[in-house]
Amino acid sequence: MEVKKFQNKREVVAHVYPLLRENHEVFKSFGPKSEIARKNLESDAHAIWLSERLATIVPNNRKIAEIVVANKDLFTPAEQVTLNKFALHARGYEKWVDDEVSYEGVVRFPEEFDEMISEMVDGGAQ
């Protein structure tokens, strides 16, 4: 499957941002630090979290990584470092979810990626 090449950062961000926000909402609602997970250890939040990692986060991460890698030439060298960190995180996270590596082998989600994409949405990336 060939990933679409975009004309500018604005188009890349327009496709990546909604996927990133969806992942954030799933993590916030059901992840290990979610309010429901902290307040009620008997809740179904953990089972929902395990399901949503597979159904939402992993596929979204894969799409985001494919888009940014295919279009990294639109970004500055410094921004490309951040894109690469996300792609590395996405690959490791998927391997962890698939039980191929331990959690220690996963590069943590790069907050600077979220900040960069959010700033480009707010600031109207070129």
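The values are calculated or read from the model by the stated rules, or taken from the named source; none is laboratory data. Because the structure is predicted, anything quoted here is derived from the model rather than measured. Every residue, glycine as well, gets a Cβ built from its backbone with ideal geometry; the counts of neighbours run over all protein chains shown.
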Exercise for review: State yes or no: is Leu88 closer than 24 Å to Glu2 by Cα, of a type in the set (A, V, I, L, M, F, W, C) and free of Cβ contacts under 8 Å to residues at least 40 places away in the same chain?
Suggested key: yes
Practice item. Return the only residue of Ile48, Ile67 being among the β-branched types (Val, Ile, Thr), touching a Ser or Thr at 6+ places or on another chain (Cβ under 9 Å) and crowded, with 16+ Cβ neighbours inside 10 Å. Key: Ile48
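Can you name every residue in the stretch 20-68 that is in contact (Cβ under 8 Å) with a residue 24 or more places away in the chain and among the basic types (Lys, Arg)? It would help to see each step written out before you state the result.
Step one: of the stretch 20-68, the residues in contact (Cβ under 8 Å) with a residue 24 or more places away in the chain are 20, 22-24, 26-27, 52-54, 56-58, 60-68.
Correct list: Arg53, Arg62, Lys63.
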Exercise for review: Considering only the stretch 83-111, state which residues are polar (S, T, N, Q) and more than 21 Å from Phe27 (Cα to Cα).
Suggested key: Asn84
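Keeping to the stretch 65-107, report how many residues are among the small types (Gly, Ala, Ser) and modelled with pLDDT under 95.
So the count comes out to 2.
Would you point out which residue out of Ile67, Ile36 is of a type in the set (Val, Ile, Thr), in contact with a His (Cβ under 6 Å, 6 or more places away or on another chain) and part of a helix (DSSP H, G or I)?
When all the criteria are applied, what remains is Ile67.
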**Study point:** One residue from Ala47, Ala55 being under 16 Å from the mean Cα position of the chain (by Cα), more than 18 Å from Ala87 (Cα to Cα) and assigned to a helix (DSSP H, G or I)
**Key:** Ala55
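Quick one: is Glu22 acidic (Asp, Glu), surrounded by fewer than 17 Cβ atoms within 10 Å (Cβ to Cβ) and outside any loop (DSSP other than H, G, I, E, B)? Break it down stepwise before answering.
Working: acidic (Asp, Glu): yes; surrounded by fewer than 17 Cβ atoms within 10 Å (Cβ to Cβ): yes; outside any loop (DSSP other than H, G, I, E, B): yes.
So Glu22 passes the test.
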Review point. Within the stretch 93-117, restricting attention to residues that are in contact (Cβ under 8 Å) with a residue 12 or more places away in the chain, of a type outside the set (Phe, Trp, Tyr) and in a helix (DSSP H, G or I), which residue is surrounded by the most Cβ atoms within 10 Å (Cβ to Cβ)?
Key: Ile117
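Residues to consider are Ala78, Ala14, Ala90; find the one that is part of a helix (DSSP H, G or I) and over 20 Å from Phe109 (Cβ atoms). I'd like the intermediate steps shown before the answer.
Details: Ala78 fails: over 20 Å from Phe109 (Cβ atoms); Ala90 fails: over 20 Å from Phe109 (Cβ atoms).
Within the list Ala78, Ala14, Ala90, the selection yields Ala14.
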